[in-house]
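No value in this document is a laboratory result; all are computed from the given coordinates. This structure is a prediction, so every number in the text was calculated from the model and none was measured. Every residue, glycine as well, gets a Cβ built from its backbone with ideal geometry; the counts of neighbours run over all protein chains shown.
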Amino acid sequence: MAATKAPAARPLSPHLQIYKWTLPMTMSIVHRVTGVGNYFGTLLLAWWLIAAASPSSYAKFEWFAGSIIGRIILFGYTWSVIHHMLGGIRHLIWDTGRGFGAAEREWLAAATLIGSIAITVLLWIFGLLVMGGPL
């Protein structure tokens, strides 16, 4: 009978314990999460469009959208859309072959996060002022 050799010592696959968690890693995950969130947020958009066909249905949607839970969900959906858009612009920059340096990746990730929050807040302030609603 032939002798079997012991398996060669192979390197282990890298795992999360050896990686330093970075902002670009987080933004990559958040970009995927906002994509899923946008999918479900589109159901709100469909509800709004369908409800516009009848005054009683629209009143129900308007009640939901005006409630504190509704506003939080709509604010989150607004942020999700804007964050996903800015993340897409970040990926578009990478598609041109730019922004791959360590400092550039960190800067683009921070700009995506800060920009999405700032644009969302400004958009909501502007929208509430134009619509005459309470801030």
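Helix 23-51 axis versus longest C-alpha principal axis of the chain: approximately 30°, rounded to the nearest ten. Annotation: the residues 67, 28, sorted from fewest to most other C-beta atoms within 10 Å of their own C-beta, follow the order 67, 28. For the chain, leaving out every one of the chymotrypsin sites (Phe, Trp or Tyr not before Pro) that falls in a DSSP loop and has at most 12 other Cβ atoms within 10 Å, the longest unbroken run is 22-99.
Ranking 27, 131 by Cβ neighbours within 10 Å, fewest first, what do you get? Could the numbers behind the result be given before it?
Values: 27 24, 131 7.
Ranked by crowding around the Cβ, least crowded first: 131, 27.
Between residue 5 and residue 28, the FRET efficiency estimated from the beta carbon spacing at R0 = 35 angstrom works out to 0.30. Relative to the Cα centre, the charge distribution of the range 23-131, modelled as +1 at Lys and Arg Cβ and -1 at Asp and Glu Cβ, gives a dipole magnitude of about 80 debye.
For the range 60-135, the list of trypsin sites (Lys or Arg not before Pro) that fall in a loop by DSSP and count at most 12 other C-beta atoms within 10 angstrom reads 98.
Express the C-alpha Rg of the range 23-131 as a ratio against the empirical globular expectation 2.2 N^0.38 Å, rounded to two decimals. Kindly include the intermediate steps, with their values, before the conclusion.
Values: Rg = 16.7 Å, N = 109, 2.2 N^0.38 = 13.1 Å.
Against the empirical 2.2 N^0.38 Å value, I get 1.28 for the range 23-131.
A Förster distance of 30 Å, applied to the separation of the beta-carbon atoms of residue 63 and residue 85, puts the FRET efficiency at 0.55.
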